[in-house]
Amino acid sequence: MNSPYVTPILKSTDEAYDIKTFTFYYPGKIEPGQFFMIWIPGVDEIPMSVSLIHDQVKGITFRKIGDATTALYNLKKGDRIGVRGPYGTVWPLEEKMRQSHEAMNRMVDTVRLIERDGIPVKIVSGGGSGTYMTSGLVKGMTEVQAGGACFLDRFYGEECHMEDEFEYALTVVSTITSRPIPERAIMDAGFKTMSDGESGNPLPMNRPGITLKYLSAEHGNLELEPEAQGLAIGDRVEWKLGYSDTTTFLHNHFVGLRNDRVVAVIPLLARGLLT
Ligand SMILES: Cc1cc2nc3c(=O)[nH]c(=O)nc-3n(C[C@H](O)[C@H](O)[C@H](O)COP(=O)(O)OP(=O)(O)OC[C@H]3O[C@@H](n4cnc5c(N)ncnc54)[C@H](O)[C@@H]3O)c2cc1C
(Lines give C-alpha, C1' and ligand atoms only; values in the text may rest on other atoms or scores of the structure.)
Protein backbone atom coordinates (compact mmCIF):
# COMPACT_ATOMS: atom_id res chain seq x y z
CA MET A 1 0.00 0.00 0.00
CA ASN A 2 1.50 3.35 -1.01
CA SER A 3 1.64 6.07 1.65
CA PRO A 4 -0.39 9.28 1.21
CA TYR A 5 1.08 12.16 -0.73
CA VAL A 6 0.64 15.12 1.60
CA THR A 7 -0.32 18.25 -0.27
CA PRO A 8 -1.93 21.62 0.53
CA ILE A 9 -5.37 22.64 -0.71
CA LEU A 10 -4.77 25.15 -3.51
CA LYS A 11 -8.32 26.36 -3.95
CA SER A 12 -11.68 25.75 -2.24
CA THR A 13 -14.88 26.44 -4.19
CA ASP A 14 -18.43 26.36 -2.78
CA GLU A 15 -20.61 24.44 -5.25
CA ALA A 16 -23.74 24.37 -3.06
CA TYR A 17 -24.46 24.91 0.63
CA ASP A 18 -23.01 21.46 1.52
CA ILE A 19 -20.79 20.71 -1.49
CA LYS A 20 -17.24 21.92 -2.10
CA THR A 21 -14.50 21.38 -4.65
CA PHE A 22 -10.86 21.34 -3.51
CA THR A 23 -7.97 21.46 -5.92
CA PHE A 24 -4.47 20.35 -4.95
CA TYR A 25 -1.13 19.61 -6.52
CA TYR A 26 -0.73 15.87 -7.20
CA PRO A 27 1.84 14.78 -9.80
CA GLY A 28 0.51 11.22 -10.26
CA LYS A 29 -1.66 10.15 -13.19
CA ILE A 30 -5.39 9.51 -12.70
CA GLU A 31 -8.14 8.87 -15.27
CA PRO A 32 -11.77 10.06 -15.16
CA GLY A 33 -13.78 7.43 -13.26
CA GLN A 34 -10.96 6.59 -10.85
CA PHE A 35 -10.78 7.67 -7.22
CA PHE A 36 -8.31 8.71 -4.54
CA MET A 37 -8.17 7.80 -0.87
CA ILE A 38 -8.18 11.20 0.83
CA TRP A 39 -6.61 11.34 4.29
CA ILE A 40 -7.96 14.01 6.60
CA PRO A 41 -5.19 14.12 9.27
CA GLY A 42 -6.41 13.03 12.67
CA VAL A 43 -9.86 12.09 11.38
CA ASP A 44 -10.13 9.41 8.69
CA GLU A 45 -9.21 8.36 5.18
CA ILE A 46 -12.10 8.19 2.70
CA PRO A 47 -12.62 7.43 -1.02
CA MET A 48 -13.25 10.38 -3.36
CA SER A 49 -13.60 10.36 -7.12
CA VAL A 50 -11.44 12.74 -9.11
CA SER A 51 -13.55 15.63 -10.44
CA LEU A 52 -10.82 17.75 -12.03
CA ILE A 53 -7.65 16.79 -13.89
CA HIS A 54 -5.55 19.69 -15.05
CA ASP A 55 -2.00 18.50 -15.65
CA GLN A 56 -0.47 18.16 -12.17
CA VAL A 57 -3.41 19.82 -10.41
CA LYS A 58 -6.27 17.48 -9.45
CA GLY A 59 -9.60 18.11 -7.77
CA ILE A 60 -12.28 16.43 -5.70
CA THR A 61 -15.90 17.50 -5.27
CA PHE A 62 -17.63 16.22 -2.17
CA ARG A 63 -20.74 16.52 -0.05
CA LYS A 64 -20.68 17.02 3.74
CA ILE A 65 -22.31 13.83 4.97
CA GLY A 66 -20.71 12.55 8.20
CA ASP A 67 -17.63 13.05 10.42
CA ALA A 68 -14.90 12.73 7.78
CA THR A 69 -16.57 14.77 5.04
CA THR A 70 -17.51 17.47 7.60
CA ALA A 71 -13.89 17.68 8.78
CA LEU A 72 -12.80 17.86 5.13
CA TYR A 73 -15.43 20.53 4.44
CA ASN A 74 -14.07 22.63 7.31
CA LEU A 75 -10.52 22.68 5.90
CA LYS A 76 -9.34 25.91 4.27
CA LYS A 77 -6.99 26.86 1.45
CA GLY A 78 -3.43 25.97 2.56
CA ASP A 79 -4.51 23.15 4.94
CA ARG A 80 -2.95 19.80 4.14
CA ILE A 81 -4.60 16.57 3.05
CA GLY A 82 -3.09 13.20 2.17
CA VAL A 83 -3.77 11.72 -1.27
CA ARG A 84 -3.34 8.05 -2.15
CA GLY A 85 -4.18 6.40 -5.44
CA PRO A 86 -5.34 6.24 -8.08
CA TYR A 87 -7.78 3.38 -7.47
CA GLY A 88 -10.55 1.92 -9.57
CA THR A 89 -10.57 0.50 -13.06
CA VAL A 90 -10.78 2.56 -16.21
CA TRP A 91 -12.81 0.93 -18.96
CA PRO A 92 -13.24 3.38 -21.84
CA LEU A 93 -16.35 2.73 -23.94
CA GLU A 94 -14.40 2.91 -27.22
CA GLU A 95 -12.11 0.09 -26.02
CA LYS A 96 -15.07 -1.99 -24.86
CA MET A 97 -16.73 -1.53 -28.28
CA ARG A 98 -13.52 -2.41 -30.09
CA GLN A 99 -13.01 -5.60 -28.09
CA SER A 100 -16.60 -6.75 -28.36
CA HIS A 101 -16.66 -6.10 -32.13
CA GLU A 102 -13.43 -8.06 -32.47
CA ALA A 103 -14.85 -11.05 -30.56
CA MET A 104 -18.18 -11.02 -32.45
CA ASN A 105 -16.48 -10.68 -35.82
CA ARG A 106 -14.35 -13.74 -35.09
CA MET A 107 -17.54 -15.68 -34.42
CA VAL A 108 -19.18 -14.43 -37.63
CA ASP A 109 -16.03 -15.40 -39.60
CA THR A 110 -16.32 -18.92 -38.16
CA VAL A 111 -19.98 -19.02 -39.21
CA ARG A 112 -18.99 -18.14 -42.76
CA LEU A 113 -16.44 -21.02 -42.78
CA ILE A 114 -19.11 -23.48 -41.58
CA GLU A 115 -21.55 -22.22 -44.24
CA ARG A 116 -18.88 -22.54 -46.93
CA ASP A 117 -18.79 -26.27 -46.13
CA GLY A 118 -22.51 -26.45 -46.86
CA ILE A 119 -23.79 -26.44 -43.30
CA PRO A 120 -26.50 -23.80 -42.83
CA VAL A 121 -26.26 -21.66 -39.68
CA LYS A 122 -29.59 -20.14 -38.81
CA ILE A 123 -28.80 -18.60 -35.46
CA VAL A 124 -25.71 -16.56 -34.61
CA SER A 125 -26.21 -15.58 -31.01
CA GLY A 126 -23.95 -13.76 -28.57
CA GLY A 127 -23.27 -10.66 -26.56
CA GLY A 128 -25.07 -9.84 -23.37
CA SER A 129 -26.74 -7.07 -21.44
CA GLY A 130 -23.40 -5.35 -20.91
CA THR A 131 -22.55 -5.27 -24.63
CA TYR A 132 -25.97 -5.11 -26.33
CA MET A 133 -25.18 -1.65 -27.70
CA THR A 134 -22.22 -2.95 -29.69
CA SER A 135 -22.94 -6.63 -30.43
CA GLY A 136 -26.30 -5.77 -32.02
CA LEU A 137 -24.46 -3.76 -34.66
CA VAL A 138 -22.22 -6.62 -35.85
CA LYS A 139 -23.29 -7.76 -39.32
CA GLY A 140 -24.10 -11.47 -39.31
CA MET A 141 -25.37 -11.65 -35.72
CA THR A 142 -29.01 -12.71 -35.59
CA GLU A 143 -29.59 -12.58 -31.84
CA VAL A 144 -28.25 -10.64 -28.88
CA GLN A 145 -28.48 -12.38 -25.51
CA ALA A 146 -29.46 -9.31 -23.53
CA GLY A 147 -32.12 -10.89 -21.31
CA GLY A 148 -31.17 -8.95 -18.20
CA ALA A 149 -31.45 -5.64 -20.04
CA CYS A 150 -34.66 -6.63 -21.81
CA PHE A 151 -36.40 -7.78 -18.61
CA LEU A 152 -34.46 -5.63 -16.16
CA ASP A 153 -33.99 -6.70 -12.58
CA ARG A 154 -32.30 -5.19 -9.53
CA PHE A 155 -28.89 -6.54 -10.52
CA TYR A 156 -28.91 -4.92 -13.97
CA GLY A 157 -31.03 -1.95 -12.95
CA GLU A 158 -29.25 -0.92 -9.78
CA GLU A 159 -25.81 -2.56 -9.84
CA CYS A 160 -25.23 -2.14 -13.57
CA HIS A 161 -27.01 1.26 -13.64
CA MET A 162 -29.39 0.36 -16.49
CA GLU A 163 -32.50 1.78 -14.78
CA ASP A 164 -32.30 4.99 -16.81
CA GLU A 165 -32.37 3.12 -20.12
CA PHE A 166 -34.88 0.35 -19.45
CA GLU A 167 -38.09 -0.28 -17.54
CA TYR A 168 -38.76 -3.19 -15.21
CA ALA A 169 -40.63 -5.47 -17.62
CA LEU A 170 -40.53 -8.77 -15.71
CA THR A 171 -42.30 -9.09 -12.38
CA VAL A 172 -43.73 -11.85 -10.23
CA VAL A 173 -47.16 -11.49 -8.61
CA SER A 174 -47.71 -13.22 -5.28
CA THR A 175 -50.84 -13.66 -3.18
CA ILE A 176 -51.12 -13.07 0.56
CA THR A 177 -52.08 -16.34 2.22
CA SER A 178 -51.87 -15.58 5.93
CA ARG A 179 -51.96 -12.58 8.32
CA PRO A 180 -50.89 -14.02 11.70
CA ILE A 181 -50.28 -10.63 13.40
CA PRO A 182 -50.75 -7.00 12.20
CA GLU A 183 -47.01 -6.61 11.51
CA ARG A 184 -46.61 -9.83 9.49
CA ALA A 185 -47.95 -11.31 6.29
CA ILE A 186 -47.14 -14.58 4.56
CA MET A 187 -47.32 -14.93 0.78
CA ASP A 188 -47.36 -17.90 -1.55
CA ALA A 189 -44.00 -17.14 -3.21
CA GLY A 190 -40.65 -18.35 -1.90
CA PHE A 191 -37.30 -19.05 -3.52
CA LYS A 192 -38.91 -21.73 -5.69
CA THR A 193 -40.78 -18.79 -7.29
CA MET A 194 -38.23 -15.99 -7.43
CA SER A 195 -34.54 -15.97 -6.67
CA ASP A 196 -33.04 -14.13 -3.73
CA GLY A 197 -29.52 -13.73 -2.42
CA GLU A 198 -26.38 -12.28 -3.91
CA SER A 199 -27.96 -10.50 -6.85
CA GLY A 200 -30.40 -8.66 -4.62
CA ASN A 201 -33.67 -9.56 -2.97
CA PRO A 202 -37.01 -8.98 -4.68
CA LEU A 203 -38.64 -5.61 -3.87
CA PRO A 204 -42.38 -4.99 -3.62
CA MET A 205 -43.58 -2.53 -6.29
CA ASN A 206 -45.89 0.38 -5.47
CA ARG A 207 -46.48 -0.99 -1.98
CA PRO A 208 -44.98 1.31 0.65
CA GLY A 209 -44.47 -0.14 4.09
CA ILE A 210 -43.82 -3.76 3.03
CA THR A 211 -40.39 -5.28 3.68
CA LEU A 212 -39.42 -8.78 2.64
CA LYS A 213 -37.91 -10.45 5.74
CA TYR A 214 -37.00 -13.72 4.03
CA LEU A 215 -38.04 -16.21 1.42
CA SER A 216 -38.42 -19.82 2.49
CA ALA A 217 -38.76 -22.48 -0.21
CA GLU A 218 -42.46 -21.92 -0.86
CA HIS A 219 -43.43 -18.86 1.16
CA GLY A 220 -42.31 -15.31 1.77
CA ASN A 221 -42.35 -13.65 5.17
CA LEU A 222 -43.22 -9.93 5.03
CA GLU A 223 -42.91 -7.26 7.70
CA LEU A 224 -45.59 -4.56 7.54
CA GLU A 225 -45.34 -0.95 8.69
CA PRO A 226 -48.62 0.56 9.94
CA GLU A 227 -49.34 2.06 6.48
CA ALA A 228 -49.33 -1.45 4.95
CA GLN A 229 -51.26 -3.26 7.66
CA GLY A 230 -54.51 -3.10 5.65
CA LEU A 231 -53.02 -5.89 3.51
CA ALA A 232 -55.53 -8.78 3.50
CA ILE A 233 -55.50 -12.48 2.64
CA GLY A 234 -55.98 -12.75 -1.12
CA ASP A 235 -54.32 -9.40 -1.91
CA ARG A 236 -51.72 -9.43 -4.65
CA VAL A 237 -48.20 -8.02 -4.35
CA GLU A 238 -46.10 -7.42 -7.47
CA TRP A 239 -42.34 -7.95 -7.10
CA LYS A 240 -39.39 -6.39 -8.84
CA LEU A 241 -36.89 -9.25 -9.16
CA GLY A 242 -33.34 -9.59 -7.83
CA TYR A 243 -32.12 -11.52 -10.88
CA SER A 244 -34.32 -12.40 -13.84
CA ASP A 245 -32.34 -15.40 -15.21
CA THR A 246 -32.64 -17.36 -11.98
CA THR A 247 -36.34 -16.56 -11.74
CA THR A 248 -37.58 -17.30 -15.28
CA PHE A 249 -36.28 -20.88 -15.23
CA LEU A 250 -38.60 -21.59 -12.31
CA HIS A 251 -41.73 -20.90 -14.39
CA ASN A 252 -43.64 -22.54 -17.23
CA HIS A 253 -44.93 -19.42 -18.98
CA PHE A 254 -44.43 -15.70 -19.42
CA VAL A 255 -47.74 -13.88 -19.25
CA GLY A 256 -47.55 -10.82 -21.51
CA LEU A 257 -49.56 -7.76 -20.43
CA ARG A 258 -50.31 -4.60 -22.37
CA ASN A 259 -52.40 -1.86 -20.71
CA ASP A 260 -53.30 -4.32 -17.93
CA ARG A 261 -54.73 -6.86 -20.41
CA VAL A 262 -53.22 -10.28 -21.08
CA VAL A 263 -52.08 -10.24 -24.72
CA ALA A 264 -49.83 -13.33 -24.85
CA VAL A 265 -48.92 -16.46 -22.93
CA ILE A 266 -45.45 -17.55 -24.01
CA PRO A 267 -44.27 -21.02 -22.94
CA LEU A 268 -40.74 -21.26 -21.53
CA LEU A 269 -39.67 -24.16 -23.71
CA ALA A 270 -36.20 -24.50 -22.22
CA ARG A 271 -37.47 -24.79 -18.64
CA GLY A 272 -35.63 -27.55 -16.81
CA LEU A 273 -33.20 -28.22 -19.67
CA LEU A 274 -29.45 -28.14 -19.22
CA THR A 275 -27.74 -25.03 -20.58
C1 LIG B 1 -15.22 4.93 -4.91
C2 LIG B 1 -15.90 6.05 -4.15
C3 LIG B 1 -15.86 7.32 -4.65
C4 LIG B 1 -16.50 8.36 -3.94
N5 LIG B 1 -16.47 9.60 -4.46
C6 LIG B 1 -17.11 10.60 -3.83
C7 LIG B 1 -17.11 11.92 -4.38
O8 LIG B 1 -16.55 12.19 -5.43
N9 LIG B 1 -17.77 12.87 -3.68
C10 LIG B 1 -18.44 12.60 -2.48
O11 LIG B 1 -19.05 13.52 -1.92
N12 LIG B 1 -18.45 11.37 -1.97
C13 LIG B 1 -17.80 10.36 -2.60
N14 LIG B 1 -17.82 9.12 -2.06
C15 LIG B 1 -18.50 8.92 -0.79
C16 LIG B 1 -17.59 9.32 0.38
O17 LIG B 1 -16.46 8.48 0.45
C18 LIG B 1 -18.42 9.20 1.66
O19 LIG B 1 -19.39 10.21 1.63
C20 LIG B 1 -17.57 9.36 2.90
O21 LIG B 1 -16.72 8.25 3.07
C22 LIG B 1 -18.49 9.48 4.08
O23 LIG B 1 -17.67 9.55 5.25
P24 LIG B 1 -18.17 10.34 6.52
O25 LIG B 1 -17.32 9.94 7.69
O26 LIG B 1 -18.29 11.79 6.20
O27 LIG B 1 -19.66 9.81 6.70
P28 LIG B 1 -20.10 8.48 7.47
O29 LIG B 1 -20.13 8.78 8.93
O30 LIG B 1 -19.32 7.32 6.98
O31 LIG B 1 -21.59 8.41 6.91
C32 LIG B 1 -22.63 9.12 7.54
C33 LIG B 1 -23.94 8.64 6.99
O34 LIG B 1 -24.08 9.08 5.62
C35 LIG B 1 -24.30 7.97 4.77
N36 LIG B 1 -23.56 8.26 3.53
C37 LIG B 1 -22.23 8.15 3.36
N38 LIG B 1 -21.90 8.53 2.11
C39 LIG B 1 -23.06 8.89 1.48
C40 LIG B 1 -23.36 9.37 0.19
N41 LIG B 1 -22.38 9.61 -0.73
N42 LIG B 1 -24.65 9.63 -0.12
C43 LIG B 1 -25.64 9.41 0.80
N44 LIG B 1 -25.40 8.95 2.05
C45 LIG B 1 -24.13 8.69 2.39
C46 LIG B 1 -23.75 6.77 5.50
O47 LIG B 1 -24.44 5.58 5.09
C48 LIG B 1 -24.06 7.11 6.95
O49 LIG B 1 -25.40 6.79 7.25
C50 LIG B 1 -17.19 8.08 -2.72
C51 LIG B 1 -17.22 6.79 -2.24
C52 LIG B 1 -16.62 5.78 -2.94
C53 LIG B 1 -16.69 4.37 -2.40
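Residue count for the range 234-265 under the criterion of being surrounded by 10 or more Cβ atoms within 10 Å (Cβ to Cβ) and outside any loop (DSSP other than H, G, I, E, B): the result is 16. Of all residues in the range 45-65, those that are among the small types (G, A, S) have Cβ atoms under 6 Å from Cβ atoms of residues that are more than 8 Å from the ligand (Cβ to nearest atom) and modelled with pLDDT of 95 or more, 6 or more apart or on another chain, in S51/G59; G59/T21; G59/T23. Is it true that some residue in the range 113-123 is outside the structural domain of Y25 (by TED's automatic domain parsing), more than 30 Å from K58 (Cα to Cα) and surrounded by 15 or more Cβ atoms within 10 Å (Cβ to Cβ)? No, the range 113-123 has no match at all.
One line per residue, one yes/no per condition, for (1) under 32 Å from the mean Cα position of the chain (by Cα); (2) at pLDDT 95 or above; (3) among the acidic types (D, E); (4) under 16 Å from T61 (Cβ atoms):
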site: K11; (1), (2), (3), (4): no, yes, no, yes
site: E15; (1), (2), (3), (4): yes, no, yes, yes
site: K20; (1), (2), (3), (4): yes, yes, no, yes
site: F24; (1), (2), (3), (4): no, yes, no, yes
site: P32; (1), (2), (3), (4): yes, no, no, yes
site: W39; (1), (2), (3), (4): yes, yes, no, no
site: V43; (1), (2), (3), (4): yes, yes, no, no
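Candidates are the residues of the range 46-95 that are of a type in the set (D, E) and more than 26 Å from the chain's Cα centre (by Cα); the one that is surrounded by the fewest Cβ atoms within 10 Å (Cβ to Cβ) is D55.
Which residues, taken from the range 9-41, are more than 18 Å from V90 (Cβ to Cβ) and away from the ligand (no atom under 13 Å from the Cβ)?
I9, L10, K11, S12, T13, D14, Y17, T23, F24, Y25, P27, P41
If I filter the range 184-191 for residues that are at pLDDT 95 or above, in a strand (DSSP E or B) and out of contact with any strand residue (DSSP E or B) (no Cβ under 7 Å at 6 or more places or on another chain), do I get at least one hit? Checked the range 184-191: no residue is at pLDDT 95 or above, in a strand (DSSP E or B) and out of contact with any strand residue (DSSP E or B) (no Cβ under 7 Å at 6 or more places or on another chain).
The values are calculated or read from the model by the stated rules, or taken from the named source; none is laboratory data. These figures come from a predicted structure and were not determined experimentally. Here Cβ is always computed from backbone atoms with ideal geometry, including for glycine, and neighbour counts include all displayed protein chains.
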